Amino acid sequence: DALPIFPVFPLPVVVFPDEEIRLHIFEQRYKQLIQDCSDTGLVFAILPIIDDRIQEFGTLVRLQEIVKTYEDGRLDIRLEAIGQVKNIALHNRWSGKLYGAIDAQAIDDISMGDQELLDKIKQQFGVLCEINQAQPYHSILWEQFRSYKLGHYVGFTLKEEYQFSALKTENERLQKLLNQLELMIAQSTTRKEWLKNMNMNGEFRNFGKESIKGII
C-alpha cells in the first residue's frame, strides 16, 4: 500500500505528542501551507533540523488558530501535536505547492509506563523544582502523566530531546527521564553550594566540636 503523504515543515525544534506550539510564520511557502491548513483542515509534519540535517522522526500537527495576521502577510499561529511520524522519503515540492512533503509512516506507541518508575520521576522532579525554586509553565497532571510531558523541563539539549522522542517504548523514555533528573539534581546541588560559597562574604564560620572529633 502507498504511504500517506504529508506537507513538511522542517524546524530546529522537537515537538512532543499532545504539545501545543506557537509559531511566527514569515516565509511565503509556509504562509501558503498555513492557509491551506486553514482552508481544508490539512495536517502537516514538523521534522527537527539538528546539525543542519533533517531528522528521521517528527510530529504530525494540526492548525488550532491563526492568532494574528500582519499587514505584510506574516502570521502568528497555534498548532496542536496529534501524533508521531517516521520520514520515509522527502519531496522538495508537493502538488504544485511551494512547500515540500514527506512519505510518512505513522508511529503508534500505546505502551504503558511502570508505576515504580513513574513514582520515582514524580519525586525527583519535585526535588529538582525545590532546589531551583522553579515550576514548569504548564502544570503536570500526574494522574494522566506521559513521559513527553517532562521532555522540555529536564534540561535536555535539542539533540537529547530528539533522542528521547525517538525511543520506542514509554519505559525507555521514563528511564531516560529519571537518569536526566538525577543528573540535573546533582548539578543543581553543586550550583547551589557554589552560590552559597560565593555569597559567604567573609562571615565568621563556626565549626562545632563534632566536626573535628577524632582528629584532635
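The values are calculated or read from the model by the stated rules, or taken from the named source; none is laboratory data. The structure presented is a predicted model; accordingly, all values stated were derived computationally and were not measured. Cβ: placed from backbone, ideal geometry, glycine included. Neighbour counts: every protein chain shown. Heavy atoms of the whole protein, side chains included, go into the accessibility calculation; ligands, DNA and RNA do not. Shrake-Rupley method; radii C 1.70, N 1.55, O 1.52, S 1.80 Å.
In region 1-95, taking the dipole from charged Cβ atoms about the Cα centre, the farthest positive-side position among 38, 54, 92 is held by 92.
Ligands, DNA and RNA aside, residue 51 has an accessible area near 110 Å² when probed at 1.4 Å. Maximal additional length on extending the residue 27-residue 82 stretch stands at 17.4 nm, based on 0.36 nm per residue less the C-alpha distance. Once the C-beta distance of residue 91 and residue 159 is scaled by a Förster radius of 22 Å, the resulting FRET efficiency is 0.30 to the nearest 0.05. Taking a sphere under 10 Å around the Cβ of residue 131 and counting the other residues whose Cβ falls inside, with K and R at +1 and D and E at -1, yields a net charge of +1. Positive contributions from Lys and Arg (+1) and negative ones from Asp and Glu (-1), summed over other residues with Cβ under 15 Å from the Cβ of residue 50, come out at -3. Springs between Cα atoms under 10 Å define the GNM used for the chain, and in it the highest mean-square fluctuation of 59, 169, 157 occurs at 157. The lysine pair count for the chain, using Cα distances under 14 Å and pairs eight or more places apart or on different chains, is 9. Each of 148, 137 has its accessible area taken with a 1.4 Å probe; listed largest first, they run 137, 148.
Normalising the average separation of contacting C-alpha pairs (under 8 angstrom, six or more residues apart) by the number of residues puts the relative contact order of the chain at 19 percent. Ranked by solvent-accessible area (1.4 Å probe, protein heavy atoms only, all chains present), the residues 38, 111 order from largest to smallest as 38, 111.
Under the convention that each Lys and Arg Cβ holds +1 and each Asp and Glu Cβ holds -1, the size of the dipole of the chain around its Cα centre is about 720 debye. Here the calculated FRET efficiency for residue 65 and residue 119, from their Cβ-Cβ distance with R0 = 41 Å, stands at 0.65, rounded to the nearest 0.05. Summarising the strand pairing of the chain, around 90 percent of its internal DSSP beta bridges are antiparallel.
Along the chain, the longest continuous region that contains none of the GluC sites (Glu not before Pro) in a DSSP loop with at most 13 other C-beta atoms within 10 Å is 72-202. Look at (i) 1.13; (ii) 1.00; (iii) 0.97: the one that is Rg/Rh (Cα atoms, Kirkwood Rh) derived from this structure is (i). The dipole here belongs to region 76-154: it is taken about the Cα centre, uses +1 on the Cβ of Lys and Arg and -1 on the Cβ of Asp and Glu, and is about 380 debye.
Counting only protein chain heavy atoms and rolling a 1.4 Å probe, the accessible areas of 22, 78, 173, 191 rank, largest first, as 22, 191, 78, 173. Under the simplified labelling scheme, the residue 141-residue 49 pair shows an inter-label distance of 3.4 nm, with each label point 7 Å from Cα along Cα→Cβ. In order along region 84-98, the phi-based Karplus estimate (6.51 cos²θ - 1.76 cosθ + 1.60, θ = phi - 60°) of 3J(HN,Hα) comes to 10, 9, 10, 6, 9, 8, 9, 10, 5, 9, 9, 6, x, 8, 6 Hz; Gly and Pro are listed as x.
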